[in-house]
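To start, the structure itself, in structure tokens.
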Amino acid sequence: MHGVVKSTVCRSVNAVLDVIIDHLFQEIVRFPEDCSNLAIDFLRLGGFPFVCGCVDGTLINIDAPRENESHFVDRYGNHSINTLMICGPDMNFFCVNPNWPGATHDARVLRNTIICKRFDEGWRPFPDAVILGDSGYGASDWLIPPVFNNPNNEAERRFNKHHKKTRRLIECAYGILKERFPCLNHLRLQPKKSREGHPRLRRTA
């Protein structure tokens, strides 16, 4: 990039990001048109029925922003963005929400997604479909966390066993994503880009 002005590079990068987000992102990050095999594939992988996706958040470290700095301090004391994703049995992503500071609870991030709104309004990719989340999410008719605290009987222990085995797909998906794109371990952008540049860059990855 010798001899190229920094502002020119930034404009070029932003132009590429716009094309990817406006065209490719909407086509790739969504539930498939044919969801008939989702439940079968999840059941085969983890033994939990009626699953259409697994949800979790991941913290992506950033440099400390100058504005609203405390909002970005996560539970580990780092400055980060709380990015929520929902994945399918093949670890493709159906939902991505990278717009919240690291101090924000996972459940709040989920509540502010289009997917949550659609499910609350009754939409399902197939009848009785549910999404699995960890204990940080509240239970609903479509969002299923594990049995809280110690299971009291064999049925609850089996429930948690298959829940964990199925839900770990989202954890594996995050691991693969961060290994493939090491920049997601720490995004080094100007602090003023925390709310604008970071979500676009993460969506592109």
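See the values below:
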{"item": "Search result, residues across the range 117-128 that are under 19 Å from Asn97 (Cβ atoms) and in a loop (DSSP other than H, G, I, E, B)", "result": "Glu121, Trp123, Pro125"}
{"item": "Selection status of Gly138, more than 11 Å from the chain's Cα centre (by Cα) and surrounded by fewer than 16 Cβ atoms within 10 Å (Cβ to Cβ)", "result": "yes"}
{"item": "Filtered residues of the range 137-180 (kept if part of a loop (DSSP other than H, G, I, E, B) and touching a residue at least 40 places away in the same chain (Cβ under 8 Å))", "result": "Tyr137"}
{"item": "Unique residue being at pLDDT below 95 and of a type in the set (Gly, Ala, Ser) when the list is Gly133, Gly197", "result": "Gly197"}
{"item": "Residue in the range 145-160 that is under 27 Å from Val73 (Cβ atoms), surrounded by 13 or more Cβ atoms within 10 Å (Cβ to Cβ), under 18 Å from the mean Cα position of the chain (by Cα) and modelled with pLDDT of 95 or more present", "result": "yes"}
{"item": "Subset of the range 111-135 that is touching a strand residue (DSSP E or B) at 6+ places or on another chain (Cβ under 8 Å) and not hydrophobic (A, V, I, L, M, F, W, C) - its residue that is surrounded by the most Cβ atoms within 10 Å (Cβ to Cβ)", "result": "Gly133"}
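The values are calculated or read from the model by the stated rules, or taken from the named source; none is laboratory data. Everything quoted here is computed from the prediction, not taken from an experiment. FYI the Cβ positions are ideal-geometry reconstructions off the backbone, even for glycines, and counts take in every protein chain you see.
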